[in-house]
1. Could you calculate the contour length gain from THR168 to THR28, that is, 0.36 nm times the residue separation minus the distance between their Cα atoms, to one decimal place in nm?
2. So how do 22-29, 39-46 stack up, highest first, on mean other-Cβ count within 10 Å?
3. Tell me, what are the semi-axes, in whole angstrom and largest first, of the equivalent ellipsoid of the stretch 4-88 as set by the roots of 5 times the Cα gyration tensor eigenvalues?
4. What's the extension gain from ARG59 to VAL87 if we count 0.36 nm per residue and subtract their Cα-Cα distance?
5. Please state the charge dipole magnitude for the stretch 21-180, taken about the Cα centre, from unit charges on C-beta atoms (+1 on K and R, -1 on D and E), reported in debye and rounded to the nearest 20.
6. Take the Cβ-Cβ distance between ALA12 and GLN147 as r, set R0 to 30 Å, and report the resulting FRET efficiency rounded to the nearest 0.05.
7. State the antiparallel share, in %, of DSSP beta bridges confined to the chain, rounding to the nearest 5.
8. Under a 1.4 Å probe, what is the accessible area of the chain per residue, stated in Å²?
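The values are calculated or read from the model by the stated rules, or taken from the named source; none is laboratory data. Please read these numbers as outputs of a predicted model, since none were measured by experiment. Cβ: placed from backbone, ideal geometry, glycine included. Neighbour counts: every protein chain shown. Note: areas computed on protein heavy atoms with side chains; ligands, DNA, RNA excluded. Shrake-Rupley method; radii C 1.70, N 1.55, O 1.52, S 1.80 Å.
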Amino acid sequence: LVGARCASDGSADCAIVDIGHRRDVDLTIQLPDSDLEAVMSAEQMADVLDDVAEQVLSRQTTLVFVNTRRMAERVAHLLGERLGDDVVAAHHGSLSKDRRARVETRLRAGDLKALVATASLELGIDVGPVELVCQIGSPRSIATFLQRVGRSGHSRHGKPVGRIYPTTRDELVEAVAMFA
């Protein structure tokens, strides 16, 4: 807003001081080997979890976001079978405050390779350095996905890295639309 002052040619007399910045991000849609259907099969979910486990192993710390508490517990258990129960934990609103705090402390200390979470971890909690964010299923909003991915590469020159794993054809369409 510049008020009523105008330059001699009638344009607003102003200067743009800061136009903000756009962060460079690394975002990818990851798909199982077989075609997605209306409902994800157990084999496809196993493919997704194998890929997530591979991604986790190649990094120090990974956040895996899911949409429900039940899914957080299930994915944490299944990733724990692949990576070791001692390096994977779940984080959601149904956990006691003390248990959530212990999990957050373990993540900050580097004791966990992966933390599977719901929106409970979007609240600005300091979780320490995170190298990758995986989203299993559609977050239903590009803003939610970008906020979650923004938890990774959180340093001056860091680059947020995010992987989204659609679980159905409809979620694939949503993911493609979010990236467009």
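1. Details: separation 140, 0.36 × 140 = 50.40 nm, distance 1.63 nm.
Fully extending the segment from THR168 to THR28 adds 48.8 nm.
2. Details: 22-29: 12.2, 39-46: 13.8.
Listed from highest to lowest mean packing, they are 39-46, 22-29.
3. Details: eigenvalues 463, 59, 33 Å².
Working from the Cα gyration tensor, I get semi-axes of 48, 17, 13 Å.
4. Working: separation 28, 0.36 × 28 = 10.08 nm, distance 1.25 nm.
Stretched out fully, the ARG59 to VAL87 stretch lengthens by 8.8 nm.
5. Values: 21 positive and 23 negative charges, 187 e Å.
It comes to approximately 900 debye.
6. Details: r = 34 Å, r/R0 = 1.13.
The value I calculate is 0.35.
7. Working: 1 of 21 bridges.
Antiparallel bridges: around 5 percent, rounded to the nearest 5.
8. Numbers: 10410 Å² over 180 residues.
On a per-residue basis, 58 Å².
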